[in-house]
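Have a look at the structure below, then the notes.
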Amino acid sequence: MSNATVSAYTSPQPRLPTPSPYSTSIASTRWSSRPPIQVINLVLRFLALVLAFGSALSLAAISPRNSKLKNQSSRFCSYPGLLYCFSVNILSFLYAAYQLFKCICDISHRGIFISDMISDHISFIFDQLAGYLLISSSSVAVPVIQQMENGNSLKKAAIVSISMSFASFLIIAANALLSGYKFCKRIIW
């Protein structure tokens, strides 16, 4: 063979990679292409929502319905500390529901609900506020529980409510750390 025919067969042509059946990985799917901080934030917001709702529900569900059981000491409304705890948990539930809705909209619609800068500011401020209100309401309700008589169904419900409220505080505190991280990252960069 001559050099011309050999060079025709061995001409330097760019080699394109062969498509592999594994070229589309799981990392390219819509859910897992999100930053892990968004997924963690979504899970924490959902847990805060469930715990705040459970805390408020445990106080509200124990109120007596029939007239022979209606005395003032068996209703949480007669104790200002428990009423404060109930109202803070309702507010925390509403805030967690808003944040959960915003997280879902950010993941599905790529952040068109609220701009990222405003969202970071709002989340940073209100996470701090919600955490403070939850821990203060829990600490106000503890002396009220200690003054109640043992065996009272309201006391048991209040203990469950305070426990869930404190767990909700821990989750809101973790959310506050995440929102503080995003807020500081935005300020620095």
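For residue 94, only one of the following conditions fails: (1) surrounded by fewer than 21 Cβ atoms within 10 Å (Cβ to Cβ); (2) in a helix (DSSP H, G or I); (3) at pLDDT below 95. What is its number?
The single condition residue 94 does not satisfy is (3).
For the stretch 175-189, which residues satisfy the criterion of being open to solvent by less than 40 Å² (accessible area, probe 1.4 Å) and over 17 Å from residue 100 (Cα atoms)?
Answer for the stretch 175-189, where residues must be open to solvent by less than 40 Å² (accessible area, probe 1.4 Å) and over 17 Å from residue 100 (Cα atoms): 180, 183.
Can you tell me which condition residue 156 does not meet? The list is (1) under 16 Å from residue 76 (Cα atoms); (2) out of contact with any Leu (no Cβ under 8 Å at 6 or more places or on another chain); (3) assigned to a helix (DSSP H, G or I); (4) open to solvent by less than 70 Å² (accessible area, probe 1.4 Å), and all the others hold.
For residue 156, the exception is condition (4).
Within the stretch 159-174, which residues are open to solvent by less than 40 Å² (accessible area, probe 1.4 Å) and hydroxyl-bearing (Ser, Thr, Tyr)?
Of everything in the stretch 159-174, those that are open to solvent by less than 40 Å² (accessible area, probe 1.4 Å) and hydroxyl-bearing (Ser, Thr, Tyr) turn out to be 161, 165, 168.
Name the one entry in 72, 99, 38 that is at pLDDT below 90 and within 18 Å of residue 123 (Cβ to Cβ).
Exactly one residue qualifies, and that residue is 38.
Is there a residue in the stretch 111-133 that is over 15 Å from residue 42 (Cβ atoms), open to solvent by less than 20 Å² (accessible area, probe 1.4 Å), over 14 Å from the mean Cα position of the chain (by Cα) and of a type outside the set (S, T, N, Q)?
yes
It is to be established whether one or more residues within the stretch 117-130 are at positive phi and without any contact (Cβ under 8 Å) to a residue 60 or more places away in the chain.
For the stretch 117-130, residues at positive phi and without any contact (Cβ under 8 Å) to a residue 60 or more places away in the chain: absent.
The values are calculated or read from the model by the stated rules, or taken from the named source; none is laboratory data. Computed from a predicted model, the values in this text were never measured in an experiment. Please note: Cβ atoms are built from the backbone with ideal geometry, for glycine as well, and neighbour counts cover all protein chains shown. To get the accessible areas, we keep the full protein, side chains included, count just its heavy atoms, and leave off ligands, DNA and RNA. Shrake-Rupley method; radii C 1.70, N 1.55, O 1.52, S 1.80 Å.
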